[in-house]
């Protein structure tokens, strides 16, 4: 098993650090919950806000997109001004966005609210940084495992929340806002910064360019089916995405303090975690959204949001159980092996629905496999992202890993829309699940392959 590189120095404290870790895990689960709770609500939003399914899907896509950009940006701010203020700020935006969403009467107002909620995605790498600064080295893998696994539990909990609220999106957001406020209060009392702030300069140009090329890419993918893949609009957006992405890479390679260190993306010690994380994020949201949409569609089972919640209940339960054993998993298995196994099981959940999808029982089977796979892989993904990274780059590496996972997830909605536009009906959903299965299998291969290459500890560069 690869050895986690412990920080060279850490403030010691006579206080038990675990209440702070548990409070951060609770907050991380809410950060995941607020996104997945929207998935089964998409048909409801389409009906109540009188909008197309493509339009309402941006309530999910834009929130994930904001999360992708804010994750490295707030991680950098955390290094500069302290992680605790950034965590509390992200939770405050989640509370404000939740209240706005609960009061929303139009799609525009709801999208603005979801943009504010998206900033909470940065909470995960910020929390990992706090955990690494406060826990002793022999407890570090357990702490990161608990944090990552409960994030997976929150993902499943969002679907259950939407179901228990019987599709009332106002109630879902009121509950999210209330729970987020409780989390913010608990974190404010229990979490403190152990590492001193460092001087720096935020890469705002890099953040703007990252946002621009991702928006262009996702808009092209989501509208390809309706506009036509060879239409001037789609080709223009794809071309703009490529040009902006190239400019973004050039800027990141030249700026003194980049938003994303290119060396961190391609280094042998981190690239396996990077690719696996991106593909796992895509697999998860493609499978989750596909299952919810299929269950509610006439070609599926015409299920209510409550029934969808029950279909996905096994996923939540398995994530919860596995989160309780995250520490044992991380002590017993190499992080790369756990990520590989979890990704493969998640892919098998999607493959099951390609073959068997004519009865609700098959959704329960797929949901169970998805919960097991995500529980195991999420418990190990945080450790795999930072175990070969120099101590002063922990938060940065965790931020990059969270960014690519969110980018992968943000493409899921656009990919599903494109697939179903090209192949509507039950056959289209098989293609959706098949795509998720393929992505899960490739994620497993990358995790296992780079785990094998990194049998010896390889520390990622501490500079560009």
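A short reminder: the numbers here are calculations on the coordinates, not readings from a lab. Because the structure is a prediction, the values reported are computed rather than measured. No Cβ is skipped: glycine too gets one built from the backbone with ideal geometry, and neighbour counts run over all protein chains shown.
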Q | Tensor-based shape of region 182-228 (alpha-carbon gyration tensor, a/c under 1.5 rounded, otherwise prolate or oblate) | A | oblate
Q: Please give the FRET efficiency for residue 256 paired with residue 356, using the beta carbon to beta carbon distance and R0 = 60 Å, rounded to the nearest 0.05.
A: 0.65
Q: Enter the mean projected area of the convex hull around the alpha-carbon atoms of region 148-194, in nm², rounded to one decimal.
A: 4.0
**Q.** Between helix 107-118 and the chain: long-axis angle, C-alpha atoms, 0 to 90°, nearest 10
**A.** 20
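At 4 °C and a viscosity of 1.567 mPa s, what translational diffusion coefficient does Stokes-Einstein give for region 28-92, taking Rh as the Kirkwood radius over Cα pairs? Give it in µm²/s as a whole number.
It diffuses with D of about 97 µm²/s by this estimate.
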Q: Rounded to the nearest 10 degrees, what's the angle between the helix 123-134 long axis and the longest principal axis of the chain, both from Cα atoms, 0 to 90?
A: 20
Q.
I need the P(r) histogram for region 70-150: all alpha carbon pairs, bin width 5 Å from 0 out to the longest distance, whole percents.
A. 3, 16, 20, 17, 17, 12, 7, 4, 2, 1, 0
Q: Rounded, prolate or oblate: pick one for region 210-304, where a ≥ b ≥ c are the square roots of the eigenvalues of its C-alpha gyration tensor, a/c under 1.5 means rounded, and failing that, prolate if a/b is larger than b/c, else oblate.
A: oblate
Q.
If neighbour count is taken as other Cβ atoms inside 10 Å, put 411, 435, 230 in order from fewest to most.
A. 230, 435, 411
Q: Please quote Rg/Rh for region 204-254 to two decimal places, taking the Kirkwood radius as Rh and restricting both calculations to Cα atoms.
A: 1.07
Q: Report the percentage of all Cα-Cα pairs in region 136-221 whose separation exceeds 20 Å, rounded to a whole percent.
A: 67
Q | Acute angle (nearest 10 degrees) that the helix 335-355 long axis makes with the longest principal axis of the chain, alpha-carbon atoms | A | 0
**Q.** Backbone N within region 113-152 under 17 Å of label point (7 Å from residue 18 Cα along the Cβ vector)
**A.** 131-132, 134-150
Q | Mean ellipticity per residue at 222 nm, deg cm²/dmol - from DSSP H runs of n ≥ 4 across the chain, formula -39500 (n - 2.57) | A | -26000 deg cm²/dmol
**Q.** residue 103-residue 299 pseudo-label distance in nm [points 7 Å out on the Cα-to-Cβ vector]
**A.** 4.1
